[in-house]
Structures are given as C-alpha cells and as structure tokens.
Amino acid sequence: MLEKIVVIGSNGQIGTELVTELRKNYGDGNVIACDIRRPDYDIKNAGPFEFINVLDKDILNQLFRKYKPTQVYLLAALLSATGEQNPKLAWDLNMNGLLNVLELALEYKTARLYWPSSIAVFGPNSPKDKTPQYCIMDPNTVYGISKLAGERWCEYYFQRYGLDIRSIRYPGLISWKAAPGGGTTDYAIHIFHDALKKGSYQSFLSADTELPMMYMDDAIRGTIELMDAPKEKINIRSSYNLTGMSFTPEVLAEEIRKHIPNFKLGYTEYDQRQAIAASWPKSINDSQAQQDWNWKPEFNLSKMTVDMLINLKK
Ligand code: SER
C-alpha cells in the first residue's frame, strides 16, 4: 500500500529527525511535515510542508481531506517545564490537539496513528526504580496530567472504535540536530553544548537526580519499529514504557570528562524543574516493549556521549 504520512509538530526536537527518517523510508513526497512555525531547515525543501495549528479544526480538517493520510504522527505539545509556565495552554494544546486528531483519524479512516506519551505520567507515589508498565500514576505537572489523560483517550479510541493508535512513554531524549523543547530533562543536552563551548556547565538539576534517558537515534528507530509492528503484537494501547539508560548529572559529567578532562559541573540554586524531576522515575522497566515488538536500545551512556560530542563539534 502507498503510505501518506502526516507529521504534526515536525519542527520540534523529535519531528525534525523523524521526518528525515520517514522520508528516507517512504519517499520525500509521501511525508507531509506540518507545524505552526516556519521550518528553518531543509525539511521544507525536501518535501511537502503545511502550516497547521492543531487547535484549528477547520485547517486540520482540510489537511486530512487533502492528503487522506494512512499514518499520522501527532507530536505537537507543550513539555513539562514550559507547561508549568502556562498550564491552561498546555492542557488545551496537549488535550484538545489530541482529541481533534483522534476524531479526524476516525472520520478519514487513518490506518495508524502515533502519539507520544512520557515518563511524566508517573508521579511521587509511583515506584522510582524500574518503574513498571502498570502502577500508581499520580502525575503532578499539567504536562503529565495531560499525557496520562491522553493515554486513556488513546486506549478508549482503540477499544471503542478500533483505531490503531500506538504510543511510547519517552524518557528524556538526547539529541544534537534540533533544540529540545522546554523539558525537565533538557539539562542533559545543554551540558554537551556548554562542555564544548565553555568547558563548564551549571546544572539546574541536583548532582544525584537520576532520570531515565534515551538517545534520539534509538527513539526514532523505536518509534518506527513500533509503528511497523504487526497489529496483533501490540498489547499496550495506552502507551509503552521505554528506556535507553539512566544517569545523574554527576555521572554524565564523569563520562564527558573522559573526553574533556577539565570539564567542570556546577549547580544553580533552586529551580522549579528540580521538583518535577523528583516526582519522576529514576529508571524504567520496558520489558513489555521488549516482549511485544523486540525493543532493544543501541546507545548506552558512553556510546551516546561519544556520538553527541563528535556531532556537536562539527
Ligand atoms: N523530556 C520531557 C520533559 O522533560 C519528558 O517527557 O518534559
């Protein structure tokens, strides 16, 4: 079958790399990049681009009518830290954006839909170590609340209408191609930029704050593998736990020092993001994804660090 793939939120940290990869697999003309902002990279020249505000139902409807997508990736969202600065907008965008797309996916018979969730669905009373797929979930950020509610809607649309929707609870995503989007885990990207530029970094998370993370190459591969997996293998219709590695700022700094021996890590005074990080898991149990669709990360801390430094140096 000829695929027509729409990626909403194509200019973000994930979208930038996902569009490139999908275009490699399916052909430039078959992957439609969509964003509310003008793309400032070659995505626009390589294939179709549409200005889309996911909250504008008419524009969104026109998009579905024009392309009749077989697959839709909905990536537009406000992340954890930015969301706390504007809780109402975060709820509106994250929730109503999803509901708008779910409705249109049904109406236009989209074969497969992808929507990302996050480790932010867990909260202070979730188990911190090797957090399981099913446990207490009491998110206390508006981002986490919207992601947990979104997961329930996804499962509801699958059970009630048979919509083939797939999702991953991403940990912190580390990448060098596009800037991160205002999350709590962004320190793990800034640290590389500053290590190369200044030889030092001031972390807004404390030395021992351990969080689950993943290199973007793994995240993109995992996402596409999940979307390509046979329908009957997908046992989770809310969102899959997934992880690559876990580390603290101190451990990451030690790894960076293997390449930049004089790298200095300092810490800022109190930052609101510390409280968010403290409510999240330290590590994730992703055995369900391993079982269902053979998930396996390729990047550990040392391999990721080498790759980040090589690419950022260029
Ligand atoms: N990286 C995201 C954030 O920090 C987690 O989903 O908001």
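The values are calculated or read from the model by the stated rules, or taken from the named source; none is laboratory data. In this text, all values refer to a predicted model and were calculated from it rather than measured experimentally. FYI the Cβ positions are ideal-geometry reconstructions off the backbone, even for glycines, and counts take in every protein chain you see.
Scan region 225-239 and tell me whether some residue there is within 16 Å of the ligand (Cβ to nearest atom) and among the β-branched types (Val, Ile, Thr). Looking through region 225-239, none of the residues is within 16 Å of the ligand (Cβ to nearest atom) and among the β-branched types (Val, Ile, Thr). Screening residue 61 with (1) within 16 Å of the ligand (Cβ to nearest atom); (2) more than 30 Å from residue 187 (Cβ to Cβ) gives one miss only, at (1). Taking the numbered list (1) more than 14 Å from the ligand (Cβ to nearest atom); (2) within 30 Å of residue 156 (Cβ to Cβ); (3) touching a residue at least 40 places away in the same chain (Cβ under 8 Å); (4) assigned to a helix (DSSP H, G or I) in turn, residue 276 passes all entries but (1). Filtering region 155-177 to residues that are under 21 Å from the mean Cα position of the chain (by Cα), of a type in the set (Lys, Arg) and more than 9 Å from the ligand (Cβ to nearest atom) leaves 166, 177. Looking only at region 291-314, residues that are of a type outside the set (Lys, Arg), surrounded by fewer than 13 Cβ atoms within 10 Å (Cβ to Cβ) and assigned to a helix (DSSP H, G or I) come to 4 in all. Out of 165, 145, 191, one residue alone is crowded, with 21+ Cβ neighbours inside 10 Å and touching a Cys at 6+ places or on another chain (Cβ under 7 Å). It is 165. Looking across region 198-219, the residues that are touching a Leu at 6+ places or on another chain (Cβ under 9 Å) and surrounded by fewer than 20 Cβ atoms within 10 Å (Cβ to Cβ) come down to 200, 202, 207. Determine whether residue 77 is at pLDDT 95 or above and more than 16 Å from the ligand (Cβ to nearest atom). Criteria not met by residue 77.
Find the residue count for region 56-77, including only residues that are in a loop (DSSP other than H, G, I, E, B) and in contact with a Lys or Arg (Cβ under 8 Å, 6 or more places away or on another chain). Before the answer, list the steps.
Step one: filter region 56-77 for residues in a loop (DSSP other than H, G, I, E, B), giving 56, 68-70, 75-77.
Cutting the leftovers down to in contact with a Lys or Arg (Cβ under 8 Å, 6 or more places away or on another chain) gives us 68-70.
The total comes to 3.
When the test is whether a residue is within 18 Å of the chain's Cα centre (by Cα), in contact (Cβ under 8 Å) with a residue 12 or more places away in the chain and within 16 Å of the ligand (Cβ to nearest atom), residue 101 does not pass it. Does residue 150 satisfy being in contact with a strand residue (DSSP E or B) (Cβ under 9 Å, 6 or more places away or on another chain), at pLDDT 95 or above and within 11 Å of the ligand (Cβ to nearest atom)? Spelling it out, it is not the case that residue 150 is in contact with a strand residue (DSSP E or B) (Cβ under 9 Å, 6 or more places away or on another chain), at pLDDT 95 or above and within 11 Å of the ligand (Cβ to nearest atom).
Considering only residues in region 178-196 that are near the ligand (Cβ under 9 Å from one of its atoms) and part of a loop (DSSP other than H, G, I, E, B), the one that is modelled with the highest pLDDT turns out to be 183.
Among the criteria (1) touching a Ser or Thr at 6+ places or on another chain (Cβ under 7 Å); (2) over 27 Å from residue 207 (Cα atoms); (3) of a type in the set (A, V, I, L, M), the one residue 165 does not fulfil is (1). Pairs linking a residue in region 172-192 that is within 16 Å of residue 250 (Cα to Cα) to a residue that is more than 7 Å from the ligand (Cβ to nearest atom) and aromatic (Phe, Trp, Tyr), with Cβ atoms under 7 Å and 6 or more positions apart or on different chains, are 187/204; 190/201; 191/201. In the set 71, 133, only one residue is surrounded by fewer than 18 Cβ atoms within 10 Å (Cβ to Cβ), away from the ligand (no atom under 16 Å from the Cβ), within 30 Å of residue 286 (Cα to Cα) and not β-branched (Val, Ile, Thr); that residue is 133.
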